[in-house]
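The values are calculated or read from the model by the stated rules, or taken from the named source; none is laboratory data. Please read all numbers here as calculations on a predicted model, not as lab measurements. All Cβ positions, glycine included, derive from the backbone under ideal geometry; neighbour counts span all protein chains shown.
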Amino acid sequence: MLILWRTLLLVALHLGVLVAFPNYTEFAPITVFVMFLLSMGGMVALSSALNMMGMSRSFFMNRIVEILYLLAVAIILLMVTPQGGDGRSPWDRVSAGHYPTERDVRTGLARFGLDFGGEDAQKKVGAAVNTINKNLKDAKNTVAKEVKE
């Protein structure tokens with residue numbers, strides 16, 4: 001069960017990098033997948049080593065190892081993920097203080113086919129609904145006046 005949990009953490013980390021930094025090249029998903037396979041192998045080896053030393057029974061030790069391992073994988077992943085545009089890696093961007101914005105995350109999700117629309121789309125739909133309601137109310141009043149006459 002512990003391996004499943006750690007696998008889910010690694011999947012979330014690797015997909016999170018692709019979502020947070022959507023200006024990647026066409027080779028980035030392959031790079032991230034290879035990094036995922038390597039990190040899975042490292043995680044299995046680390047889990048086995050901890051189990052052999054008897055330290056895997058401690059809940060606290062497991063959490064510390066997970067945090068340190070995920071931090072190391074995240075740093076390496078941010079350093080090697082190829083980016084388009086200016087060619088700076090995500091690590092360079094984060095080091096320079098340029099963190100992912102909401103727009104970056106929306107763009108990253110859209111690249112995976114998860115386009116939730118933006119506030120602009122919601123405003124347009126709201127304005128259209130208000131216009132339809134106003135026109136219906138006007139039509140109702142016009143019909144009511146003509147029926148009375």
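Taking helices (runs of 4 or more DSSP H) as the structural unit, those lying wholly within the stretch 46-149 and holding at least 2 residues that are more than 17 Å from the chain's Cα centre (by Cα) correspond to 59-80, 90-95, 119-148. Looking only at the stretch 79-93, count how many residues are surrounded by fewer than 16 Cβ atoms within 10 Å (Cβ to Cβ) and farther than 15 Å from PHE33 by Cα. Counting residues in the stretch 79-93 that are surrounded by fewer than 16 Cβ atoms within 10 Å (Cβ to Cβ) and farther than 15 Å from PHE33 by Cα gives 6. One residue alone among ARG106, ARG93, ARG57 is modelled with pLDDT under 85 and of a type in the set (Lys, Arg), and that residue is ARG57. Counting residues in the stretch 6-22 that are touching a Ser or Thr at 6+ places or on another chain (Cβ under 9 Å), surrounded by 12 or more Cβ atoms within 10 Å (Cβ to Cβ) and either not assigned by TED's automatic domain parsing to the domain that holds ILE67 or not in a helix (DSSP H, G or I) (or both) gives one or more. The residues listed here are SER39, SER48; of these, the one that is surrounded by 15 or more Cβ atoms within 10 Å (Cβ to Cβ) and modelled with pLDDT of 80 or more is SER39. Among the residues of the stretch 60-75, the ones that are loosely packed, with under 15 Cβ neighbours inside 10 Å and in contact with a Leu (Cβ under 9 Å, 6 or more places away or on another chain) come to 1 in all.
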